[in-house]
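Undergrad: Here it is, the structure, as structure tokens.
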Amino acid sequence: MQALILAGGSGTRFWPLSRRSKPKQLLALEGERTLLQATVDRLAPLVPAESVWVCTTREIAGDVAEQLPGVPAEQILSEPEGRDTAAAIGWSVHRIRAAVGDQVVVVLPADHRVGRADAFRATLEEAQRVADGGSVVALGVEPRWAEVAYGYLELGDTLDEATGLRRVARFTEKPNAETAKEFYDSGNYRWNGGIFVFRGSVLLDRLERHQPELAAALEELARRPDAIDELYGKLPRISIDFGVMEHLEDLVTLPLDCEWSDLGGWAALAELLPTDAAGNAVRGSVLAIDAADNLLYADHGTVAAIGVTGMVIIRTGDTVLVVPRERAEEVRLVTEELKRRRNDELL
């Protein structure tokens, strides 16, 4: 099995720690290993580093290669510009097939967290077996709350009671709050973990069926790889979810029970970091006096907090972020304002 890691995102929800030059996947948010390194770590020994491919941007390709010395340099693929996940996956699968033939490929994001790597690999091994028979497998996470930021997989017929393999009756992207609650209360949905397993030929066939314009453009790019700067920016921009997965009538899912988190922002990280006696999630040099239920994160220097509750306080080398914990997702408003002001040094 080959692994294709998508590492092109900017991770702005972790601003000011994440920047254009050092997005979320290149950060070590919990331990010493970055999210990208941890993604490769948890694949082994099922998928060793020499069978790992990374699709990233030219801006950070050097940093990716530096963080992953075990991944062959020619398997770090650099997009000239982002054209969303359908283009990135289709282009990468063409490259993988040209190098190693028609193998099973697992596609996974570079910036998620898995608490139990052994359980993750066991599910992935079963997904490999299913995908080897020609199916497209989406790994589904049991919902823990009614989340509006995730896609949902509606469960259909049971195909294998022992493994929990089910047909996907419907693929729904990011519902509104009312629909998300209905999905959660029904007990018949899984979160889309963004991890897909398929044979390379099967994925390209599905692309041709459901996104023929993109498939044809990718075929031309495969024939003319030296023209990538000319051709890549013309690829249709659409996600693999909207472009392919939600149209499949034969999509199947396996349950993923491995303490998964997409680490969507500071509030999500606060749930994972160690806490002090007052419930403050802390990392780095932190001093909390009469302060409770905060996220206090010092990447540089020290964060000192007195008499505050329910706050997110982040210190980096040049920036301090202070926001109520329940509004931590709104950090995007800062990055949007910085773009408006053309304050590129802080982006």
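Undergrad: Tally time: how many residues in region 319-347 are crowded, with 17+ Cβ neighbours inside 10 Å, assigned to a strand (DSSP E or B) and out of contact with any Pro (no Cβ under 9 Å at 6 or more places or on another chain)?
TA: Count: 1.
Undergrad: If I filter region 36-87 down to residues being polar (S, T, N, Q) and under 23 Å from Tyr232 (Cα atoms), which single residue comes out as surrounded by the most Cβ atoms within 10 Å (Cβ to Cβ)?
TA: Top of the filtered list is Thr56.
Undergrad: Name the residue, out of Ala328, Ala270, that is among the hydrophobic types (A, V, I, L, M, F, W, C), in contact with a Gly (Cβ under 7 Å, 6 or more places away or on another chain) and modelled with pLDDT under 95. Before the answer, list the steps.
TA: Values: Ala270 fails: in contact with a Gly (Cβ under 7 Å, 6 or more places away or on another chain).
Going through Ala328, Ala270 in turn, the sole match is Ala328.
Undergrad: Could you go through region 1-11 and let me know if any residue there is in contact with a helix residue (DSSP H, G or I) (Cβ under 6 Å, 6 or more places away or on another chain), small (Gly, Ala, Ser) and assigned to a strand (DSSP E or B).
TA: yes
Undergrad: Still on this structure, please answer the following. Are any residues in region 232-276 buried (at least 17 other Cβ atoms within 10 Å of the Cβ) and without any contact (Cβ under 8 Å) to a residue 60 or more places away in the chain, and if so, which ones?
TA: Ala268, Ala270
Undergrad: Something else about it: Of all residues in region 258-309, count the ones that are farther than 27 Å from His112 by Cα, touching an Asp or Glu at 6+ places or on another chain (Cβ under 7 Å) and assigned to a loop (DSSP other than H, G, I, E, B).
TA: Matching residues across region 258-309 total 1.
Undergrad: I would also like to ask the following. Checking the condition within 17 Å of the chain's Cα centre (by Cα) and more than 18 Å from Gln2 (Cβ to Cβ), which residue from Ala87, Ala119 passes? Step through it out loud before you land on a result.
TA: Values: Ala119 fails: within 17 Å of the chain's Cα centre (by Cα).
Every option except Ala87 fails the conditions.
Undergrad: Can you pull out the residues in region 116-163 that are of a type outside the set (Asp, Glu), more than 16 Å from Asp257 (Cα to Cα) and assigned to a helix (DSSP H, G or I)?
TA: Result: Gln128, Arg129, Val130, Ala131.
The values are calculated or read from the model by the stated rules, or taken from the named source; none is laboratory data. Computed from a prediction, not measured in an experiment: that's the story for all the values here. We place every Cβ from the backbone using ideal geometry, glycine too, and count neighbours over all the protein chains shown.
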